[in-house]
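Trainee: Pasting a structure here, questions to come.
The values are calculated or read from the model by the stated rules, or taken from the named source; none is laboratory data. Every value quoted in this text rests on a predicted model; they were computed, and no experiment measured them. Backbone-built Cβ (ideal geometry, glycine too); neighbour counts: all protein chains shown.
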Amino acid sequence: MPTILITGTNRGIGLELVRQYAADGWQVIACCRNPDTASELKQVQGIVDIHALDVTSDADITRLAGELAGKPIDVLLNNAGITAKNDSFGSTDTETWLRVFHVNCIAPLHLVEALVDNLAAGTQKKAISISTRMGSMGESPSGSYYAYRSSKAALNMAMVNAAADLRGRLILAMIHPGWVQTDMGGTQAPLRPQESVAGIRRVIAGLKPVDSGQFFNHDGSSIPW
Ligand code: NDP
């Protein structure tokens, strides 16, 4: 069965991704900041491995790459992400902005760099990043969320750029999961993680080399930059 590595798997969309891929028989390498407290993750049957990974830690990424050296990985799923509080016009904060950028944009690219050989050795050769249509300029932002929106727009650019560098080697794509009931999405969100993740998995399964560098909704439609 194929192997998938997922970040941010202790809750939310990441946890549901683990559940569905594991239930489907995939070899799931689940990463999270603190495996000791990831009680729901540890209850999922069929996970191959749980790795401690703070995606903003270069040391963690280097250690993970060392532990996985020589292991083919079919799909990398950059899921971990954060938003910022009080991030509206007039109250943006430099430190907060930099932290959001690190998690949402820089870390996903660092993971592709660190695991590129594993992915190239896999059968599917896919590096997927969970983005958001809140980072789309084509969809006319409604204001606020400066750090979050700009970090995800930058994530999209970083991955489009990497798709150019890795053309012919890997398929890189961004997926908007919808507005989902998680700690981040809140209880008003229309989608349950189960529905969102089912869509994300269908999109990933259908990706072909020609789709590299593209931005998809969870229903498979395209999202403007
Ligand atoms: P949650 O807030 O529920 O979960 C976020 C996950 O990211 C947690 O597992 C968290 O771990 C992890 N994480 C945060 N910072 C780090 C870090 N430095 N290192 C490792 N892991 C980290 O969010 P969602 O599940 O809703 O979001 C998942 C992805 O989907 C994100 O990229 C988000 O931007 C995107 N998204 C979500 C939408 C929604 O409506 N929910 C809409 C559009 C996009 P910990 O518990 O340790 O903090």
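Trainee: Do any residues in the range 1-22 that are closer than 20 Å to residue 105 by Cβ have Cβ atoms under 8 Å from those of residues that are more than 14 Å from the ligand (Cβ to nearest atom) and assigned to a loop (DSSP other than H, G, I, E, B), where the two are at least six apart or on different chains, and which pairs are they?
Mentor: Filtered contacts from the range 1-22: 5/68; 5/73.
Trainee: Something else: List every residue pair whose Cβ atoms lie under 6 Å apart, where the two residues are 6 or more positions apart in sequence or sit on different chains, the first residue falls within the range 31-49 and is outside any strand (DSSP E or B), and the second residue, located anywhere, is near the ligand (Cβ under 10 Å from one of its atoms) and of a type in the set (Ser, Thr, Tyr).
Mentor: Close Cβ pairs (under 6 Å, with a partner that is near the ligand (Cβ under 10 Å from one of its atoms) and of a type in the set (Ser, Thr, Tyr)) amount to 41/9.
Trainee: Does the range 37-53 include one or more residues that are within 16 Å of the chain's Cα centre (by Cα) and either near the ligand (Cβ under 9 Å from one of its atoms) or closer than 22 Å to residue 176 by Cα (or both)?
Mentor: yes
Trainee: Condition check: assigned to a strand (DSSP E or B), among the hydrophobic types (A, V, I, L, M, F, W, C), at negative phi and more than 10 Å from the ligand (Cβ to nearest atom). Does residue 18 satisfy that? Explain how you work it out, then say what you get.
Mentor: Numbers: assigned to a strand (DSSP E or B): no; among the hydrophobic types (A, V, I, L, M, F, W, C): yes; at negative phi: yes; more than 10 Å from the ligand (Cβ to nearest atom): yes.
Spelling it out, it is not the case that residue 18 is assigned to a strand (DSSP E or B), among the hydrophobic types (A, V, I, L, M, F, W, C), at negative phi and more than 10 Å from the ligand (Cβ to nearest atom).
Trainee: Could you tell me how many of the residues in the range 94-105 are surrounded by 12 or more Cβ atoms within 10 Å (Cβ to Cβ) and free of Cβ contacts under 8 Å to residues at least 12 places away in the same chain? Give the steps one after another, and end with the answer.
Mentor: So the first thing to find is which residues in the range 94-105 are surrounded by 12 or more Cβ atoms within 10 Å (Cβ to Cβ), and the list is 96-105.
Still in the list and also free of Cβ contacts under 8 Å to residues at least 12 places away in the same chain: 98.
Number of matching residues: 1.
Trainee: Please pick out the residue among 142, 57 that is surrounded by fewer than 19 Cβ atoms within 10 Å (Cβ to Cβ), at pLDDT below 95 and either within 30 Å of residue 225 (Cα to Cα) or away from the ligand (no atom under 14 Å from the Cβ) (or both).
Mentor: Values: 57 fails: at pLDDT below 95.
Unique residue meeting the criteria: 142.
Trainee: Let me ask another. Can you name the residue in the range 145-186 that is out of contact with any Leu (no Cβ under 8 Å at 6 or more places or on another chain) and either modelled with pLDDT under 95 or assigned to a strand (DSSP E or B) (or both) and, of all such residues, is nearest to the ligand (Cβ to nearest atom)?
Mentor: 176
Trainee: Please find, among 65, 120, the residue that is more than 14 Å from the ligand (Cβ to nearest atom), farther than 21 Å from residue 203 by Cβ, in contact with a Lys or Arg (Cβ under 9 Å, 6 or more places away or on another chain) and in contact (Cβ under 8 Å) with a residue 40 or more places away in the chain.
Mentor: On the way: 65 fails: in contact with a Lys or Arg (Cβ under 9 Å, 6 or more places away or on another chain).
Sole residue among the options that is more than 14 Å from the ligand (Cβ to nearest atom), farther than 21 Å from residue 203 by Cβ, in contact with a Lys or Arg (Cβ under 9 Å, 6 or more places away or on another chain) and in contact (Cβ under 8 Å) with a residue 40 or more places away in the chain: 120.
Trainee: Still on this model: When you check residue 80 against the structure, is it of a type in the set (A, V, I, L, M, F, W, C), within 29 Å of residue 212 (Cα to Cα) and surrounded by fewer than 20 Cβ atoms within 10 Å (Cβ to Cβ), yes or no?
Mentor: no
Trainee: Are there any pairs with C-beta distances below 6 angstrom linking a residue in the range 187-201 that is touching a residue at least 60 places away in the same chain (Cβ under 8 Å) and more than 9 Å from the ligand (Cβ to nearest atom) to a residue that is β-branched (Val, Ile, Thr) and not in a helix (DSSP H, G or I), with the two at least 6 apart or on different chains, and if so which?
Mentor: Sorted first by the residue in the range 187-201, then by its partner, the pairs are 200/175.
Trainee: If we keep just the residues of the range 152-179 that are β-branched (Val, Ile, Thr) and under 22 Å from residue 102 (Cα atoms), which is surrounded by the fewest Cβ atoms within 10 Å (Cβ to Cβ)? Quick ask: steps written out before the conclusion?
Mentor: Within the range 152-179, the subset β-branched (Val, Ile, Thr) is 160, 171, 175.
Narrowing the set further to residues that are under 22 Å from residue 102 (Cα atoms) leaves 160, 175.
On the way: 160: 17, 175: 26.
My answer is 160.
Trainee: Among the residues of the range 3-14, which ones are surrounded by 24 or more Cβ atoms within 10 Å (Cβ to Cβ) and within 13 Å of the ligand (Cβ to nearest atom)? Full working, then the answer.
Mentor: Our first condition is that a residue be surrounded by 24 or more Cβ atoms within 10 Å (Cβ to Cβ); within the range 3-14, this holds for 4-9, 13-14.
The answer is 5, 6, 7, 8, 9, 13, 14.
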